Amino acid sequence: MPLHLEIVTSDRTVFDGEVDMVTVPGGAGVMGILPQHAPVLSTLKPGELRVKRNDEIQEFAIGGGFIDIHSNRVIILADSAERAEEIDIARAEAARLRAQEMLRNPPPDKEDLSRWEGAYRRSEVRLRVAQRRRGNLIKGEQGMPGGKAGI
């Protein structure tokens with residue numbers, strides 16, 4: 001029996017479908033979710049979310065949020081979420097460099113500092129997810145192992 005997964009942000013549904021396994025960046029660490037998982041309500045940190053369906057893996061970059069697991073249904077309410085193939089690497093790199101520059105001379109306001117640290121973490125996650133997908137596509141195009149790039 002598969003899990004039903006929904007990944008939702010404030011402006012769109014990013015994913016809605018049946019999956020075999022979900023791996024999320026939980027507030028207390030990475031959490032793997034299989035069918036028949038115990039009910040859980042938890043926070044999510046910015047990080048990589050992986051979805052396994054059949055033998056294929058799809059990756060998402062999420063900016064934190066909440067997860068609700070019950071009755072073979074997983075609902076992720078994400079602050080932000082992008083499929084690996086949606087991420088513009090140049091924009092993500094520019095955001096990382098901008099945040100890195102702001103953190104070199106930290107703003108005196110703790111709220112601003114926290115905002116720039118969050119921006120830096122999110123851009124790092126986006127870059128990792130996008131670059132891994134691009135690397136897998138390149139390997140697949142060359143006929144090397146690891147060519148499966150997603151669902």
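We did not get these values from a lab; they are worked out from the coordinates using the rules stated. Since the structure is predicted, the reported quantities are computational estimates derived from the model, not experimental observations. Note that we place each Cβ from the backbone using ideal geometry, even for glycine, and neighbour counts take in every protein chain shown.
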Which order results if 20, 11, 112 are arranged by neighbouring Cβ count within 10 Å, fewest first? 11, 112, 20
So for the range 1-94, considering every pair of alpha-carbon atoms, how many percent are separated by more than 22 Å? 21
What is the distance in Å between the Cα centres of the range 1-31 and the range 78-106? 22
Where a ≥ b ≥ c are the square roots of the eigenvalues of the C-alpha gyration tensor, would you call the range 24-71 rounded, which needs a/c under 1.5, or, failing that, prolate if a/b is larger than b/c, or oblate? oblate
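Please compute one quarter of the surface area of the Cα convex hull for the range 40-114 and express it in square nanometres.
Taking the Cα atoms of the range 40-114, their convex hull projects to 6.8 nm² on average.
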